[in-house]
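The values are calculated or read from the model by the stated rules, or taken from the named source; none is laboratory data. Every value quoted in this text rests on a predicted model; they were computed, and no experiment measured them. Ideal geometry is used to build each Cβ from the backbone, glycine not excepted, and the neighbour counts take in all protein chains shown. Ligands, DNA and RNA are excluded from the accessible area calculation, which covers all protein heavy atoms including side chains. Shrake-Rupley method; radii C 1.70, N 1.55, O 1.52, S 1.80 Å.
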Amino acid sequence: MSVWGKIIGGGAGFALGGPIGALLGAMAGHAFVDTGERPTDTRARKQVAFTAGVIVLAAKTAKADGVVREEENEAFRKVFNPILRDEVKESEVARVFDIAKKDSEGFEPYAQQLAEMFKGNPAVLEELLNCLFFIAKADNVYHPKENEYLESVAEIFGLSEAAFRRIRAAHGVDKPDPYEILGVSRDTSDDELKS
């Protein structure tokens, strides 16, 4: 059985706490089998909470401009299914994604919980924001509402404005500034850039 099923079984999602635990607990009766096992592995619990939070934020990214297009659904599958494949059945991912994409509201508690989980590892949060940009840009339109949404997520994650601009520039939203993409100042020497 997958880590997801073990942790969610029997309403154990509530043990994760916060909005992610509540979401998983609410879905337990509909999507998972009770194995009688209870979550004891903190790493596994964190992994499942991350998975659920990622699905919710990705769905709400797709809905941020008001319309979820097939290109955005496909971008989600392309980016996240390889990561989630071992932990969650595709039908379980689709169920959470479909519920979350009904509107773009209510993402803040999920983003906050992920920010707290990974406050010591901002690289995870930056990569997650990078993946959310990929979804937002999948339909070849970067809507102002998508920018507002992603800016809010970055702020909740505690990412700097420079990090947000760097990720946005890497996705071609702005004219890419190589210094900003590398996260260095313009007065950085060539030797420092090479290292």
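Would you point out which residue out of ALA115, ALA94, ALA111 is modelled with pLDDT under 80, of a type in the set (A, V, I, L, M) and assigned to a helix (DSSP H, G or I)?
On the way: ALA115 fails: modelled with pLDDT under 80; ALA111 fails: modelled with pLDDT under 80.
The conditions single out ALA94.
Mind checking which residues of the range 125-179 are among the hydrophobic types (A, V, I, L, M, F, W, C), part of a helix (DSSP H, G or I) and either in contact with a His (Cβ under 9 Å, 6 or more places away or on another chain) or in contact (Cβ under 8 Å) with a residue 60 or more places away in the chain (or both)?
Correct list: LEU128, CYS131, LEU132, PHE133, PHE134, ILE135, ALA136, LEU150, VAL153.
Look through the range 104-142, keep the residues that are open to solvent by less than 70 Å² (accessible area, probe 1.4 Å) and among the acidic types (Asp, Glu), and return whichever of them is nearest to the chain's Cα centre (by Cα).
Going through the qualifying residues, I end up with GLU126.
Here's a check for you: in the range 149-190, which residue that is polar (S, T, N, Q) and within 21 Å of the chain's Cα centre (by Cα) is least open to solvent (accessible area, probe 1.4 Å)? Steps first, answer last, please.
First, pick out the residues of the range 149-190 that are polar (S, T, N, Q): 152, 160, 185, 188-189.
After this cut, where a residue has to be within 21 Å of the chain's Cα centre (by Cα) as well, the list is 152, 160.
Working: SER152: 41, SER160: 62 Å².
Going through the qualifying residues, I end up with SER152.
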